[in-house]
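A short write-up of the structure that comes next.
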Amino acid sequence: MTTISRVGFIGLGDQGGPMAEAVGERGFELHVWARRPASLAAVEGVPHTVHGGVAELAASAGLIGLCLRDDADLWDVLDGQGLLAAVAPGTIIVNHGTGDPAEAVRLGDHVARAGGVYLDAPVSGGSPGARARTLTTFAGGSEDAFQAARPVFDAFSDTVTLMGPVGAGQFAKLFNNALTITNMKNAEDVLGLAARAGLDLTALIDVINASSGGSAALRSLGRDITPELAEHVHPLMEKDMRHFADAVRAGGAGDPSEVLRRGLAGAAGLAGTARMVARARQAAARAGDAV
């Protein structure tokens, strides 16, 4: 099994930045490139080498992690900016973003023709999970590539699972997201009723999360999802739900229409619910200050 010592990372955003930092903390030789110099602040606390371009980075790493917004950005880095043309044979290229499973298969074939090895390895847990090093990584690809990459994944994950061949990681992540986003719709509906009933939302969220009604969606609404973040993530949720429905249909697994409907509704209602919870937090804080 190949031992990875030099890791490249592209995509130093809210989630990718802490992931790259975790890789550097584990002692891997970290190589980074960023479109915006300000993004490099994410890894300033660990040893790293900054490269002037994607191709320069590609020639310096045995594994390259990509944490980008969507599949189009991935193709741009691989071909438009010349990463694939510069990688050494056998370089493992990992997609940590969430996208279309069928596109993952096409990407895997494209990378293989260039002499590289492809893993789709989307992660769940967002920026908080990345900072806490508790992400879940859903991997798709060969067993050999997975085992070689696993020490890198372990740097920022507390659960890492090989789900099957290339594309399986994306499919598993989409099922995870479908559950999360449809559960978000449940939480939004219930919290809206609770607010109209005059209950203290902050206290209600805390007590339910300690009880049988708790969920990752409710915890996120009560803790991590600010109104500003909700505006950013709800289009990504919609994208993921549509990828989920397309993948289910393509796989002949049944009609995803009802799940899709609830998921899109959950994404659409996220910002409004986040604002409602934020107002409840502010009211509780003012009440506490007055005591």
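The values are calculated or read from the model by the stated rules, or taken from the named source; none is laboratory data. Just so we're clear, the structure is a prediction, and the values are computed from it rather than from any experiment. Note that we place each Cβ from the backbone using ideal geometry, even for glycine, and neighbour counts take in every protein chain shown. Keep in mind that these areas ignore ligands, DNA and RNA; they rest on the heavy atoms of the full protein, side chains included. Shrake-Rupley method; radii C 1.70, N 1.55, O 1.52, S 1.80 Å.
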- [ ] May I ask you to list pairs of residues, at least six apart or on different chains, whose Cβ atoms are under 6 Å apart, with the first in the stretch 162-176 being at positive phi and the second being surrounded by 20 or more Cβ atoms within 10 Å (Cβ to Cβ) and in a helix (DSSP H, G or I)?
- [x] 167/101; 167/104
Open item on the list: What's the total number of residues in the stretch 6-26 that are open to solvent by 50 Å² or more (accessible area, probe 1.4 Å), more than 15 Å from residue 153 (Cβ to Cβ) and either among the aromatic types (Phe, Trp, Tyr) or modelled with pLDDT of 95 or more (or both)?
Closed with: 1
- [ ] Determine which member of the set 145, 139, 187 is among the hydrophobic types (A, V, I, L, M, F, W, C), touching a helix residue (DSSP H, G or I) at 6+ places or on another chain (Cβ under 8 Å) and either open to solvent by 60 Å² or more (accessible area, probe 1.4 Å) or more than 20 Å from residue 259 (Cα to Cα) (or both).
- [x] 139
- [ ] Output the residue which, of all residues in the stretch 88-101 that are hydrophobic (A, V, I, L, M, F, W, C) and modelled with pLDDT of 95 or more, is surrounded by the fewest Cβ atoms within 10 Å (Cβ to Cβ).
- [x] 92
Task: Unmet requirement for residue 225, which otherwise passes all of (1) assigned to a helix (DSSP H, G or I); (2) among the aliphatic types (A, V, I, L, M); (3) more than 17 Å from residue 172 (Cβ to Cβ) - done: (1)
- [ ] Test residue 72 against the criterion of being outside any loop (DSSP other than H, G, I, E, B) and either polar (S, T, N, Q) or modelled with pLDDT of 95 or more (or both), and give yes or no.
- [x] no
TODO: Only residues that are in a loop (DSSP other than H, G, I, E, B) and within 21 Å of the chain's Cα centre (by Cα): list them for the stretch 10-51, please.
DONE: 11, 12, 13, 14, 15, 26, 34, 35, 36
Task: Conditions (1) under 26 Å from residue 3 (Cβ atoms); (2) open to solvent by less than 20 Å² (accessible area, probe 1.4 Å); (3) assigned to a helix (DSSP H, G or I): number failed by residue 150 - done: (2)
TODO: Kindly indicate the residue of the stretch 113-141 that is in a strand (DSSP E or B) and among the small types (Gly, Ala, Ser) and also nearest to residue 17 (Cα to Cα) among those meeting that condition.
DONE: 124
- [ ] Working only within the stretch 190-213, note down all residues that are among the small types (Gly, Ala, Ser), open to solvent by 30 Å² or more (accessible area, probe 1.4 Å) and either more than 16 Å from residue 284 (Cα to Cα) or touching a His at 6+ places or on another chain (Cβ under 7 Å) (or both).
- [x] 197, 210, 211, 212, 213
TODO: May I ask you to list the residues in the stretch 256-269 that are acidic (Asp, Glu) and either closer than 18 Å to residue 102 by Cα or touching a residue at least 12 places away in the same chain (Cβ under 8 Å) (or both)?
DONE: none
TODO: Of the conditions (1) assigned to a helix (DSSP H, G or I); (2) closer than 19 Å to residue 135 by Cα, residue 187 clears all except one; give me its number.
DONE: (2)
Task: Number of the condition not met by residue 214 [criteria: (1) assigned to a helix (DSSP H, G or I); (2) without any contact (Cβ under 8 Å) to a residue 24 or more places away in the chain] - done: (1)
